[in-house]
1. Largest first, how would His30, His159, His192 line up by accessible area (1.4 Å probe)?
2. Stokes-Einstein at 20 °C, 1.002 mPa s, Kirkwood radius from Cα pairs: D for the chain in µm² s⁻¹?
3. Using a 1.4 angstrom probe on the protein heavy atoms only, line up Glu15, Glu199 by accessible area, largest first.
4. Measuring with a 1.4 Å probe in the full set of protein chains, what accessible area per residue, in whole Å², belongs to the chain?
5. Using a probe of 1.4 angstrom, how much of the accessible area of the chain is carbon and sulfur, in percent?
6. For the chain, with a Gaussian network of springs between Cα atoms less than 10 Å apart, report the residue from Asp268, Asp165, Asp52 with the top mean-square fluctuation.
7. Tell me, what is the 1.4 Å probe accessible area of Ser207, in Å² to the nearest 10?
8. Taking the chain as a Gaussian network, Cα atoms linked when under 10 Å apart, which of Gly175, Gly76, Gly41 shows the biggest mean-square fluctuation?
Amino acid sequence: MGEPTKKIGLIIGQEWEWPEAFMEAVNGRHTNVTAELVQLGGTFMDDPCEYDVIIDRISHEIPYYRAYLKYASIEGTYIINNPFTLSADSKFSSTALVNRLGLNSPRTVVLPNKQVDKDVTPSTFRNLKYPMDWQAIIDYVGVPAIFKDNVASGRRGVHRVHNVDELIQRYDESGTRTKILQQIIDSDQHVHCFVIGQEKVLSLPYSLKNGRYKQTILKPDSELGQQLASDALRITQAYQYDINMVEFVIKDNTAYVINGTYPSPDIDLTLMTEEQFTWLVNEIADLAISRTKRPLRQTGVFHQQDSNQ
């Protein structure tokens with residue numbers, strides 16, 4: 001008898017091109033590994049998980065998916081990326097890690113929540129100074145600055161602020177969301193480094209004017225290419241993410257990490273060339289197939305054998 005078939009599941013959002021291309025790449029290799037969309041309708045505590053590997057692209061938006069992925073991980077499924085690490089990730093902690101690694105990052109301040117979605121009393125906030133020194137915050141970060149969510153991706157809820165009054169206005173509108181204020185590094189040179197399998201890097205210069213990647217990649221043997229690839233690998237390996245994208249800006253020959261973790265980067269032909277798209281599809285297919293056969297240990301995941309120790 002041959003080896004049992006291994007299964008890869010995808011949990012996705014609105015994207016179409018990458019999931020279709022990925023499943024075609026895996027299923028077209030005629031191996032004992034197949035790929036399909038995961039179908040969920042409520043999860044029972046004793047439900048078996050039929051997948052060896054699940055690639056998660058949307059649980060940052062859908063809390064139920066994150067809950068299911070943690071369950072599947074405990075049951076022994078390898079998740080790309082680790083849902084326990086994803087739950088702990090944030091823009092502020094990512095910036096702190098970048099600084100700890102000795103890399104350059106924008107000056108950043110994380111702010112107390114304007115509101116909390118809990119039943120609280122004034123004594124709940126005894127650890128908070130009030131009022132906050134808004135001018136000191138502005139002086140530290142500088143203006144104009146970016147006011148954005150600490151955990152959300154994309155451009156939702158992102159605003160530029162130019163003075164204390166604008167910062168207070170945006171803060172008062174923030175509701176229960178945790179927000180950060182971050183220095184803007186003005187530069188026309190942006191590079192996004194896609195890291196696959198904690199090993200391979202594709203560095204794509206990004207055109208702000210055109211809203212897509214340039215046709216030429218950043219050569220890995222160039223001085224800048226080597227530096228950015230090395231920095232992106234260090235950040236990604238610290239998180240043990242199998243898929244990540246690190247965003248850099250280059251100003252006065254200095255590289256700044258403006259986003260250290262983007263574990264569900266956009267991969268589609270409206271943003272990149274067919275060659276760039278195909279490289280990412282094939283590398284992620286190779287990664288997922290490899291993890292079905294040789295999964296890595298994922299920290300924060302509890303396994304049956306641990307209960308006997």
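1. Ranked list, largest accessible area first: His30, His159, His192.
2. It diffuses with D of about 101 µm²/s by this estimate.
3. In descending accessible area the options line up as Glu199, Glu15.
4. Roughly 55 Å² per residue, with all protein chains present.
5. On the chain, the fraction of accessible area on carbon and sulfur atoms equals 49 percent.
6. The residue with the greatest mean-square fluctuation here is Asp165.
7. Only protein atoms counted, so the area is about 20 Å².
8. Largest GNM mean-square fluctuation: Gly41.
The values are calculated or read from the model by the stated rules, or taken from the named source; none is laboratory data. Small disclaimer: the values here were computed from a predicted structure and weren't measured. Note: areas computed on protein heavy atoms with side chains; ligands, DNA, RNA excluded. Shrake-Rupley method; radii C 1.70, N 1.55, O 1.52, S 1.80 Å.
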